[in-house]
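One structure below.
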Ligand code: ADP
Ligand code: ZN
């Protein structure tokens, strides 16, 4: 079902005209309320009057995650603190977390956009919907929660963890819909099978999966093991949270809520705008946000945009699946991990040599992170050929990594020289998760 026919199936011309009007308004708003944007625009010699249509967006400055960090915590906020009614934060694994303040109006837009996603998946007021994204600072839980309520289905705020209890609730309450990460969906399936519960005993029929990359094969696996139809849900906290784009019944790319979030594709090296169909870095401008509006925010996600008509009747542009990131960031159990963070932790420990490998895998449908590191020769000769000092060092490294990354790695301390050396670039990261 189309939740908002007005906005999801406008003519392309009307949509572009609406986007142009909204862009002009938001640019004027940030120019007058956010010193960061005012000075950036002044440097580029652009004033709000120069923005007359959506095509003028290319005149505007980009915003990066680093800009958000540099202006931590509230430097990019446009609304006064008295207007902010909720604050979320990204995981913050790369240093300072990104803080996003929402006004009441922003929360209304979020719920509206999330309801569009759910309606597109076929969720109705009759559904009982479990939200198994984390509730808390992460936008997944509360974001989907209010979308379900706004649509009028019953929400069960299960959050993550306690998988067996969750499965019993799915069975006992006749839960029909679920939102979680695709890897958690497979974990649920596996736990269900271990508990001896067959999918035919459940009423699950629809799933909204996102927050991490997944593939068609993963979709088939989830659909067959949970007995539901699995849809993609994309979003990021800087722009809003889950609700930025969503699949329809055609399950062929994700429609962008582009009356609120204007998408562009750029070449991440040259920053030039790329046409529809070309793969590059996805960039969003928030057209209506009042708490922390962002101009041309670089998501670092790689994909392309499709503007051909969709059989579902929606006219809003679609984005393809995320192919990867324009930087080297890994997403492990939904948490961002940069190889450079691992390196800096290892190098802060005197016993560790600067030779290491990062292996990411998926075991029993949960991501694992293995870090192999060589011990320095001088410590090795002091008895590292016996087992216990190695175990003690592995524990120490694991604890140090956990405190920085917020996930527990498996640490394997290796003999000096054992990880091999190459001329030129070493392939530090091996990602064994098969995402095809
Ligand atoms: P962060 O991880 O930076 O703290 P978020 O939790 O908001 O912030 O995560 C947003 C990122 O998660 C996106 O930029 C994208 O890389 C990834 N992501 C979210 N949904 C999807 C999806 N459906 N498919 C692929 N990647 C996704
Ligand atoms: Zn469609």
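Looking only at the range 120-135, how many residues end up being under 15 Å from residue 334 (Cβ atoms) and surrounded by fewer than 23 Cβ atoms within 10 Å (Cβ to Cβ)? Step through it out loud before you land on a result.
First, the residues of the range 120-135 that are under 15 Å from residue 334 (Cβ atoms): 131-135.
When the remaining residues are screened for being surrounded by fewer than 23 Cβ atoms within 10 Å (Cβ to Cβ), the result is 134-135.
Within the range 120-135, residues that are under 15 Å from residue 334 (Cβ atoms) and surrounded by fewer than 23 Cβ atoms within 10 Å (Cβ to Cβ) number 2.
With respect to residue 120, is the statement that it is more than 16 Å from ligand 2 (Cβ to nearest atom) and either in the same structural domain as residue 101 (by TED's automatic domain parsing) or in contact with a strand residue (DSSP E or B) (Cβ under 6 Å, 6 or more places away or on another chain) (or both) true? It is false that residue 120 is more than 16 Å from ligand 2 (Cβ to nearest atom) and either in the same structural domain as residue 101 (by TED's automatic domain parsing) or in contact with a strand residue (DSSP E or B) (Cβ under 6 Å, 6 or more places away or on another chain) (or both).
For the criterion of being more than 9 Å from ligand 1 (Cβ to nearest atom), over 21 Å from residue 306 (Cβ atoms) and either surrounded by 23 or more Cβ atoms within 10 Å (Cβ to Cβ) or under 14 Å from the mean Cα position of the chain (by Cα) (or both), residue 207 passes.
Answer with yes or no whether residue 63 is touching a strand residue (DSSP E or B) at 6+ places or on another chain (Cβ under 7 Å) and either farther than 27 Å from residue 276 by Cβ or exposed (fewer than 15 other Cβ atoms within 10 Å of the Cβ) (or both). In short, no. Taking the range 280-325 as the range and being within 14 Å of ligand 1 (Cβ to nearest atom), part of a loop (DSSP other than H, G, I, E, B) and either surrounded by 21 or more Cβ atoms within 10 Å (Cβ to Cβ) or not assigned by TED's automatic domain parsing to the domain that holds residue 23 (or both) as the test, the residues that pass are 292, 294. Of all the criteria given as (1) surrounded by fewer than 21 Cβ atoms within 10 Å (Cβ to Cβ); (2) in contact (Cβ under 8 Å) with a residue 40 or more places away in the chain; (3) more than 16 Å from ligand 2 (Cβ to nearest atom), the one not satisfied by residue 201 is (2). Across the range 136-172, the qualifying residues are those that are in contact with a helix residue (DSSP H, G or I) (Cβ under 7 Å, 6 or more places away or on another chain), under 17 Å from residue 210 (Cα atoms) and touching a residue at least 60 places away in the same chain (Cβ under 8 Å), and the one among them that is surrounded by the most Cβ atoms within 10 Å (Cβ to Cβ) is 144.
For the range 349-361, taking the residues that are surrounded by fewer than 18 Cβ atoms within 10 Å (Cβ to Cβ) and in contact with a helix residue (DSSP H, G or I) (Cβ under 7 Å, 6 or more places away or on another chain), the one that is farthest from residue 161 (Cα to Cα) is identified as 354.
Tally up the residues in the range 241-255 that are away from ligand 1 (no atom under 12 Å from the Cβ) and crowded, with 22+ Cβ neighbours inside 10 Å, please.
Filtering the range 241-255 for residues away from ligand 1 (no atom under 12 Å from the Cβ) gives 248-252, 255.
Cutting the leftovers down to crowded, with 22+ Cβ neighbours inside 10 Å gives us 248, 255.
Result for the range 241-255: 2.
Identify all residues within the range 326-353 that are within 14 Å of ligand 1 (Cβ to nearest atom) and part of a helix (DSSP H, G or I); write none if there are none. Of everything in the range 326-353, just one residue is within 14 Å of ligand 1 (Cβ to nearest atom) and part of a helix (DSSP H, G or I), namely 341.
If you check residue 179 against the conditions, is it more than 16 Å from ligand 2 (Cβ to nearest atom), under 30 Å from residue 58 (Cα atoms) and crowded, with 24+ Cβ neighbours inside 10 Å? Considered against the rule, which asks whether it is more than 16 Å from ligand 2 (Cβ to nearest atom), under 30 Å from residue 58 (Cα atoms) and crowded, with 24+ Cβ neighbours inside 10 Å, residue 179 comes out as no. Of the numbered criteria (1) under 16 Å from the mean Cα position of the chain (by Cα); (2) within 16 Å of ligand 2 (Cβ to nearest atom), the one residue 214 fails is (2). Residue count for the range 1-33 satisfying the condition of being without any contact (Cβ under 8 Å) to a residue 60 or more places away in the chain, touching a helix residue (DSSP H, G or I) at 6+ places or on another chain (Cβ under 6 Å) and closer than 13 Å to residue 55 by Cβ: 2.
The values are calculated or read from the model by the stated rules, or taken from the named source; none is laboratory data. In this text, all values refer to a predicted model and were calculated from it rather than measured experimentally. Glycine also receives a Cβ, built like all others from the backbone with ideal geometry; neighbour counts cover every protein chain displayed.
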